[in-house]
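Accompanying notes for the structure given below.
The values are calculated or read from the model by the stated rules, or taken from the named source; none is laboratory data. Owing to the predicted nature of the structure, the values given are computational and were not obtained by experimental measurement. No Cβ is skipped: glycine too gets one built from the backbone with ideal geometry, and neighbour counts run over all protein chains shown. Ligands, DNA and RNA are excluded from the accessible area calculation, which covers all protein heavy atoms including side chains. Shrake-Rupley method; radii C 1.70, N 1.55, O 1.52, S 1.80 Å.
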Amino acid sequence: MPNIRDIQLPDFPLLLAPMEDVSDPPFRAVCKANGADLMYTEFISSEGLIRAAAKSRQKLDVFDYERPIGIQLFGSDVETMGECAAISTEAGPDLIDINYGCPVKQVALRGAGAGLLRDIPKMVAMTAAVVKNTPLPVTVKTRLGWDDDTKNVEEVAERLQDVGIEALTVHGRTRVQLYKGEADWRLIAKIKENPRIRIPIFGNGDIDSPEKALDYKNRYGVDGVMIGRAAIGYPWIFREVKHFLATGQHLAPPTLDERVAMCRMHFEKSLEWKGPKAGIFEMRRHYAHYFRGLEGAKQWRSRLVDAEDGEQVRAILEEVAASNAVLVGA
């Protein structure tokens, strides 16, 4: 089993990717309910934590029902990242993860996230500082390299393992690719095949179906897969992948009642964690995903987005459940 120190994981764990403005506690709750084995917070700015910025501090919230759960940090300053590892440890996660994969300009071009792929010595020093400042296991998520001419993830894997990381997740794209094109897992497989590598290696990128999860498991030999965008509004992907890996059979898609119930759970968790105003507002981005493919989905989404209080949202969800809408397309 690909355990991370004392964190026991199943034979082929399914990880939920940390996604900015998505992977908050309400979203994590519905993914955990559907079988996610290991989850992470949204990435948290080390500078924000040092300044005690309210948004960064709130992202430290973790709950027992989420375990095992990791807090993911990003930053450009070695000393600050070390300090933030200590701050994050006090929040009680099971591990600390370092983001060396975020490709967006505001992060990567400021020397954080995937920007560290252009400065491996600094990446190594930063990782060592994080490991030194927490008793928890430290893991890393990164990419193949900055661009096609600098795919250095094999070197990165060895050097970060040498300074103490206990698992590595690799997204099969370069920073320049962003999220375009097809993820290339061949270098991920080479890391796994490297006899020097003894830590779990997880693959990320384009896992959006049970068939692909099984194919990539067999073809690339990874210890588990991380699922990101495919879980947005469809947390059932975790249970569907697990069932397919175990039986070779497809689960039936979620019923209308299941879609409404899961959306309602997500909504109630959003209100509970964010409060009535932010909880209602930030939930609006999810409705289209939950009801994608249902007849009448556009009108349901429009009404839910316009709803201004919890009772209105609950009433509309009841209408959706009573509508007997059928799935007409994906």
The chain accessible area per residue, 1.4 Å probe, protein heavy atoms, integer Å², reads 43
If one builds a Gaussian network model of the chain from Cα atoms under 10 Å apart, the most fluctuating residue listed among 279, 248, 35 is 248
Taking 121-131, 232-242 and ranking on average Cβ neighbours within 10 Å, highest first, one gets 232-242, 121-131
DSSP beta bridges in the chain: the antiparallel percent, rounded to 5, is 5
The FRET efficiency for residue 318 and residue 149, from their Cβ-Cβ distance with R0 = 56 Å and rounded to 0.05, is 0.50
Highest GNM mean-square fluctuation among 273, 185, 146, for the chain with Cα springs under 10 Å, belongs to 273
Highest mean packing first, using Cβ neighbours within 10 angstrom, the peptides 298-304, 85-91 sort as 85-91, 298-304
For residue 242, counting only lysines whose alpha-carbon sits under 28 Å away and dropping same-chain residues fewer than eight positions off, the answer is 32, 141, 180, 190, 192, 212, 217, 269
With Cα springs under 10 Å, the Gaussian network model of the chain assigns the largest mean-square fluctuation among 33, 252, 108 to 252
Over the chain, the sum of -39500 (n - 2.57) across DSSP H runs of at least four, divided by residue number and rounded to 500 deg cm²/dmol, gives at 222 nm -12500 deg cm²/dmol
